[in-house]
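Just below is one structure, and these are the notes that go with it.
The values are calculated or read from the model by the stated rules, or taken from the named source; none is laboratory data. Source: prediction; values computed, not measured. Cβ atoms come from the backbone with ideal geometry, glycine included; neighbour counts cover every protein chain shown.
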């Protein structure tokens, strides 16, 4: 009985332990800016990856509970999640300067797409929205393992665009 209780205690302790918070990457290279994309873990919404276009070109995909970034030249960028059904304000524009980091939260409102498409309850359509988030809020969300619990939440190395 003593071994079983000890084993149970160890299992409970490891199940309740939270993984360490991911560390935010180093600053962008000199003369570059950085655009972050992230999605919070919300299993009640779509578990599909959201494909993101920037200035009309595929830029990357973000899964629920993960984040990625791209280092870019200073300039103006139109962030547009790929959507089958279009709604107002799904896209956002950002202007970045050297050394700046901006954070785009990618949100899903599949209930809107289902209403527009006339889909039955068994069919789920994605409707993605890109939202510019102030850095202090985005960093708190990205570095919290409760909000972004996936181990691959941050890239091992920067992706250069």
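Here are the numbers for this structure:
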| item | result |
| --- | --- |
| Failed criterion for residue 41 (all others in (1) surrounded by 13 or more Cβ atoms within 10 Å (Cβ to Cβ); (2) touching a strand residue (DSSP E or B) at 6+ places or on another chain (Cβ under 8 Å) hold) | (2) |
| Top-ranked residue of region 124-158 - restricted to ones that are in contact with a helix residue (DSSP H, G or I) (Cβ under 7 Å, 6 or more places away or on another chain) and over 15 Å from residue 63 (Cβ atoms), ranked as modelled with the highest pLDDT | 127 |
| Some residue of region 102-113 being modelled with pLDDT under 90, over 18 Å from the mean Cα position of the chain (by Cα) and surrounded by 14 or more Cβ atoms within 10 Å (Cβ to Cβ) | yes |
| Pairs with Cβ under 9 Å, 6+ apart, first in region 30-45 and on the phi > 0 side of the Ramachandran plot, second surrounded by fewer than 20 Cβ atoms within 10 Å (Cβ to Cβ) | 31/73; 31/74; 31/98; 31/99 |
| Given (1) out of contact with any helix residue (DSSP H, G or I) (no Cβ under 6 Å at 6 or more places or on another chain); (2) at pLDDT below 85, number of the condition residue 99 does not satisfy | (2) |
